[in-house]
Amino acid sequence: VRSVFDPTALQAQMLALRASGKRIGFVPTMGLLHRGHTSLMKVARPLCDHLVVSIYVNPLQFGPGEDLDRYPRDPDGDAQKCRDAGVDTLFLPPDLYHPDHATHVNVSGLTGCLCGAHRPGHFEGVTTVVARLFGIIQPSLAVFGEKDFQQLAVIRRMTRDLAMPVEVLGAPLVRDEDGVALSSRNAFLTAEQRVRARTLHQALYAMRSANFKGETDRTRLLDLGRSCLDADAIDYLEILHPHTLEPLNPVTGPSRAFGAAHYGRTRLIDNISLSDDS
Ligand code: PAF
């Protein structure tokens, strides 16, 4: 794997590759790579000629008081994982924005609920950096995890609305052995918090299992989820349509359960489908 640090140099290389007919695949990340990230690389690898992974902790998507300053990093481990996954180029920009950067991409509607409601400005930071990364890397396809299901929906909408010639693919969430969704932020959890963090996916699975058994009342399903969840604070538990992200009642047809909860200073998110076709 070849490391590139300079956005202008990378863009020139990628434009040349594209001009020679190569398909560029792209997996954007913020580092501390785990099996969730490598699963995205596995999806992209056979679909492209040249695979680029970026590692950039994007300040625009962190709010005041969030964990930008202590976001976990592991450059050597990350490089090894990219090598093992057959990545061609690792993009490691020390900085990505011009000092007078003034353009922000905002997707309305889809960003009003879930994490968008609890982290103001977060999705604008995500769409702005992803649009810029797409401009530099010129990918034919990009892969995002369903762990950040709302992010995936927002990025799909952005690429459609702005006619970006990038195919956006989603890849399933990956869980650890205890069921906790893989996340770089899991590194912050104490042993005691980690045990309680299991109740986040347990709450979602309880709602799913009740729904499968015929319970379609939104309030009763959410009450059930809340009764299972042991967290220091709950940002949300929700059941939404997987495409529109609008609340569902009764819970029938395509539907997805979402949760966000705090364990100490660490905020975790998770989601599962309540239907086969979401
Ligand atoms: O999902 C992430 O890690 C980030 O939001 C992304 C897509 C790399 C943008 O900074």
Treating only the Cβ of Lys, Arg, Asp and Glu as charged (+1, +1, -1, -1), what charge dipole size does the chain show about its Cα centre? Round to the nearest 20 debye. 420
Mean Cβ-within-10 Å packing, highest first, puts peptides 118-128, 87-97 in the order 118-128, 87-97
Per the C-alpha gyration tensor (a ≥ b ≥ c, the square roots of its eigenvalues), segment 97-168 is rounded if a/c is under 1.5, else prolate if a/b beats b/c, else oblate; here it's oblate
Apply 1/(1 + (r/R0)^6) to the Cβ-Cβ distance of Ala19 and Leu68, taking R0 = 41 Å, and write down the FRET efficiency to the nearest 0.05. 0.65
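In segment 1-82, which chymotrypsin sites (Phe, Trp or Tyr not before Pro) fall in coil by DSSP and have 12 or fewer other Cβ atoms within 10 Å?
Passing sites in segment 1-82 are Phe5.
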Taking the convex hull of the alpha-carbon atoms of segment 27-72 and averaging its shadow over every direction gives an area in square nanometres of 3.7
Pairs of Lys in the chain closer than 23 Å at Cα, counting only those 8 or more apart or on different chains: 4
Just to verify a number: FRET efficiency for Glu192 and Glu215, C-beta to C-beta distance, R0 = 45 Å, to 0.05? 0.90
Alpha carbon centre of segment 116-175 versus segment 36-102: separation in Å? 13
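Assign one of three labels to segment 82-201, namely rounded, prolate or oblate, based on the Cα gyration tensor with a ≥ b ≥ c the square roots of its eigenvalues; rounded applies when a/c is under 1.5, prolate when it is not and a/b is larger than b/c, and oblate otherwise.
Prolate, since a/c reaches 1.5 and a/b exceeds b/c.
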Take the alpha carbon gyration tensor of segment 84-124, find the square roots of its eigenvalues, order them as a ≥ b ≥ c, and report rounded if a/c is under 1.5; if not, report prolate when a/b exceeds b/c, else oblate. oblate
Sorted largest first, extent of segment 150-248 alpha carbons per principal axis (Å): 45, 36, 23
Once the Cβ-Cβ distance between Glu246 and Tyr205 is put in as r, and R0 is 35 Å, what FRET efficiency do you end up with, to the nearest 0.05? 0.95
What whole-number value in Å² describes the accessible area per residue of the chain for a 1.4 Å probe? 45
Note down the magnitude of the dipole of segment 176-278 about its Cα centre, charges +1 on Lys and Arg C-beta and -1 on Asp and Glu C-beta and zero elsewhere, to the nearest 20 debye. 160
Estimated [θ] at 222 nm from DSSP helical runs (n ≥ 4, -39500 (n - 2.57)) normalised by residues in the chain, nearest 500: -11500 deg cm²/dmol
What whole-number value in cubic angstrom gives the convex hull volume per residue for the C-alpha atoms of the chain? 132
Express the Stokes-Einstein translational diffusion coefficient of segment 1-97 in µm² s⁻¹, to the nearest whole number, given a Kirkwood radius over alpha-carbon pairs, 10 °C and a viscosity of 1.306 mPa s. 113
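The values are calculated or read from the model by the stated rules, or taken from the named source; none is laboratory data. None of the values given here were measured: they were computed from a predicted structure. Don't worry about glycine lacking a Cβ; one is built from the backbone with ideal geometry, like all the others, and counts go over all protein chains shown. Note: areas computed on protein heavy atoms with side chains; ligands, DNA, RNA excluded. Shrake-Rupley method; radii C 1.70, N 1.55, O 1.52, S 1.80 Å.
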